Amino acid sequence: MRKMRKIGAVAAATAALVVLAGCSTAAPEDEGGQDITLWLMGGDTPDALRDYLKTEYADATGGTLTIEEQDWADALAKLTTALPDAENTPDVTEIGNTWSPTFTTVGAFTDITDLMPELGGDDLLPSFVEAGAVDGANYAVPYYFGSRYIFYRKDLWSAAGLPVPTTLEEFNTSAAALRTDGQSGFYIGGEDWRNGISWIFANGGELAVKNGDTWESSLSDPSTIAGLQQLQALYTSASLAPVNEADSTPWVNINDNEATGAPEAATIIAPGWARWSIGDLAPDPEDSTKTVATWNPDKFGVFVLPGVDGGVAPVFAGGSNIAISAASKNQEASKELLKIIFSEEYQTMLGENGLGPANLQYADALGDDEFATALIDSAADSKLTPAAPGWAAVEGSGLLEEFFGKVNGGGDIEALAAEYDEKITALLNG
Amino acid sequence: MHTMRRSRVPYLLLVPAVAILLLGMGYPLIWQIITSLQEYGLAQQFGQPAPFVGVDNYVTLAANPQLWLVVGKSLAFCVLTAAITMVIGVGLALLMTGVTKTARLILQIALLLAWAMPVVAAMTIWIWLFDRRRGVINYLLDMIPGVEMNRFDWLASPVTFLLVASIIVVWMSVPFVAFSVYAGLTQVSDEVLEAASLDGASGWQRFWGIVAPMIRPVLSIVLLLQLIWDLRVFTQIKMLQDAGSASGDYDLLGTYIYKLGTSSQDFGAASAVSILVLAITVALSWFYIRSLLREDAA
């Protein structure tokens, strides 16, 4: 009896497995090779632009363009697993500009050197083009840029009698002065290295340098240490953000809190497109569960993070590249999509939506308001992360978040720098 | 007299299941063992040949104190979480045998709903509950006089982070334990229990002296499954990391392997850690398999 029951159970399990196996069917074949998939990262590309791409692509090729949005947090893992696989790869993908060197070096993307003149050639943002090129051949090209600048509460700054700062030192002091128990003078998460590196860059430091043929992490460099000390002091004296917060949505803190009627931060640093989320909040007339923000120039303002001796501090050059997957079966159709993206019309649309267009000839589309001025000024001196082959692995490992979190948590900077230099150097060279 | 006639039918019936297991699990396992002996990075992922490096990946890992820290944390997490799950699960199962039919039905439906809830949906709600700014948990705790929990960040320290993770995992696994144990309890005959209580055994004595030994096979398999599941826990930790911090202090084995492999693109080392997890799982299961073999031999 006992044995019989066991055999019965095994038979039932077998049947279940057979049924389950029957469920997985092969993906349908492409029809005519014209239906392609584009991966976009995060929600930065507005819906109007996505619709434009779909319509234009259908008109140009008769095929369907499917846009799949990937979350930035998991994008690296998804790209790593999907790109080599011809069955599952996106045909065209947006990719973080700092990851371009890594993926380009291993041959993930199609060589599009021939196509460059049609895409804009020398008018394309040079630092991004360089990040996506190997040995003079182009693989990944710029999609948009959007360096970060400061959004501040005009009302709070002027009530405290503080002018727009002209040096980094003055910025740090003013931010500390604006901190209260319920309000950050300057809201920055402890692990937020993408914004934190501005203080390193401003002091002449680097995250990594190339010695001969090998890359070495340079957190222990005296200039880097100086920047980290400033950042630690600023975080401790001015920010109430959690020490374990990395990339966040800081604009929710600068708007008036619905419950208290007061903001939780007098100052934030954010990419230019954050402007659409900042302002006086009112219920959305089309959807009562949401609110819309209307920019109020009396209450809010922007300025560029000042440098150590005045001028402009080099900030992280945010933005993306775009490339065709080498494993894609639809190479020609993918090139058609690139031509649409680099058309005058689409580049202009990018600019009008506050995204720095890849083709600098159309940078005028950004307009000449305070946002455009701040974007262009900050972009002029912005810097990319090291173009080391293993850089994407460094970002993926979370070591930078860990390091900045420990520094801002009050750790011993020199000891931490030595510890993480060793860990990061091990990954840098791929 | 029943003669032991060896029939081939049972073995033939086993063939499909074994074949599917070998195909479905053997292939990835073999691939994993091979990869763990190779230098396998992003370049190999994109088609470069992968050089064999012997046990280099294992040697490097063995010398890495962070790995042992993660192993220690994962074991502590899985033992504690599984133990709490068992206690609550068995408690609910006993409750089900003791209450009226209506109450039992309500309890069972509630447990079933919790069990059927997709992990991602449940996690989203849990993360909202524990939210630093607007979470219900902080709001309620803050209302207790003398407790200052406004803006308390549960995900900011590894200890409270793992506490939250443990609460969520317990919530998700209790229904399975409760139902399995309840099914076992229905097989315990009322006559035996009645006789015991006539002899003066208290409720506590009846449970430990009669019920627990009788449902021991159920308890041990459920505990083993809980230990294995809680050791391999991934989604819950990953989603909490997305809401809080993804830095190394918050890793358990699942997220550690994920980070090492898909994010840092060192598939060789990630495979080596996976093999280690397999070894731990086998070690955990060993006592159970041994007792199963003994029972069969008897």
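The values are calculated or read from the model by the stated rules, or taken from the named source; none is laboratory data. Here the structure is a predicted model, which is why all the values come from computation and not from measurement. As a convention, Cβ positions derive from the backbone with ideal geometry for all residues, glycine included, and neighbour counts pool all protein chains shown.
Computed quantities for the displayed model
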item	result
Within segment B:1-116, helices (runs of 4 or more DSSP H) holding 3 or more residues that are away from chain A (no Cβ under 14 Å)	B:27-36, B:56-62, B:65-98, B:101-116
Criterion violated by A:R194 - all others in (1) under 25 Å from A:L40 (Cβ atoms); (2) not assigned by TED's automatic domain parsing to the domain that holds A:P271 satisfied	(2)
Selection status of A:D44, surrounded by fewer than 14 Cβ atoms within 10 Å (Cβ to Cβ), out of contact with any strand residue (DSSP E or B) (no Cβ under 7 Å at 6 or more places or on another chain) and modelled with pLDDT of 50 or more	no
Residue under evaluation A:M116, criteria (1) exposed (fewer than 12 other Cβ atoms within 10 Å of the Cβ); (2) at pLDDT 90 or above; (3) not small (G, A, S), criterion not met	(1)
A:N203 being touching a Phe, Trp or Tyr at 6+ places or on another chain (Cβ under 8 Å), touching a residue at least 24 places away in the same chain (Cβ under 8 Å) and either outside the structural domain of A:K335 (by TED's automatic domain parsing) or closer than 21 Å to A:W251 by Cβ (or both)	no
Some residue of segment B:133-149 being of a type outside the set (G, A, S), buried (at least 16 other Cβ atoms within 10 Å of the Cβ) and assigned to a loop (DSSP other than H, G, I, E, B)	no
Sole residue being touching a strand residue (DSSP E or B) at 6+ places or on another chain (Cβ under 9 Å) and in contact (Cβ under 8 Å) with a residue 60 or more places away in the chain, chosen from A:E87, A:E56	A:E56
Residues within segment A:214-266 that are among the β-branched types (V, I, T), assigned to a helix (DSSP H, G or I) and modelled with pLDDT under 90, tallied	1
In segment A:174-194, the residues that are surrounded by fewer than 17 Cβ atoms within 10 Å (Cβ to Cβ) and modelled with pLDDT of 95 or more	A:A176, A:A177
Some residue of segment A:333-353 being at pLDDT 90 or above, part of a loop (DSSP other than H, G, I, E, B) and surrounded by 20 or more Cβ atoms within 10 Å (Cβ to Cβ)	yes
Output for segment A:263-317, where each listed residue is touching a Lys or Arg at 6+ places or on another chain (Cβ under 7 Å) and within 15 Å of A:A379 (Cβ to Cβ)	A:I269, A:A270, A:P271, A:P314, A:V315, A:F316, A:A317
Residue check, B:V273 over 22 Å from A:A392 (Cα atoms), at pLDDT 90 or above and assigned to a helix (DSSP H, G or I)	no
Candidate set: segment A:236-282, residues that are more than 14 Å from chain B (Cβ to nearest Cβ) and among the hydroxyl-bearing types (S, T, Y); chosen: the one nearest to B:D153 (Cα to Cα)	A:T236
Which numbered condition A:F103 misses (of (1) crowded, with 24+ Cβ neighbours inside 10 Å; (2) closer than 18 Å to A:N359 by Cα)	(2)
Scan of segment B:213-261 for residues that are of a type in the set (D, E) and within 24 Å of B:D131 (Cβ to Cβ), ordered by number	B:D242, B:D249, B:D251
Matching option when the condition is within 14 Å of chain B (Cβ to nearest Cβ), buried (at least 24 other Cβ atoms within 10 Å of the Cβ) and of a type in the set (A, V, I, L, M, F, W, C), among A:F109, A:F128	A:F109
Top-ranked residue of segment A:275-294 - restricted to ones that are among the small types (G, A, S) and modelled with pLDDT of 85 or more, ranked as farthest from A:F316 (Cα to Cα)	A:A282
Unique residue being within 29 Å of the chain's Cα centre (by Cα) and of a type in the set (V, I, T) when the list is B:V9, B:V70	B:V70
Spans of helices (runs of 4 or more DSSP H) in segment A:356-430 with at least 1 residues out of contact with any Gly (no Cβ under 8 Å at 6 or more places or on another chain), within 14 Å of chain B (Cβ to nearest Cβ) and at pLDDT below 90	A:391-397
Residues located in segment A:271-296, provided they are touching a residue at least 60 places away in the same chain (Cβ under 8 Å), outside any strand (DSSP E or B) and not aromatic (F, W, Y)	A:G272, A:A274, A:R275, A:I278
Elements of type strands (runs of 3 or more DSSP E) in segment A:49-159, at least 1 residues being over 30 Å from B:A50 (Cα atoms)	A:65-70, A:140-145, A:148-153
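Okay, residues lined up against (1) of a type in the set (S, T, N, Q); (2) assigned to a loop (DSSP other than H, G, I, E, B); (3) touching a Phe, Trp or Tyr at 6+ places or on another chain (Cβ under 9 Å):
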residue: A:P165; (1), (2), (3): no, yes, yes
residue: A:E170; (1), (2), (3): no, no, no
residue: A:A175; (1), (2), (3): no, no, yes
residue: A:E191; (1), (2), (3): no, yes, yes
residue: A:I197; (1), (2), (3): no, no, yes
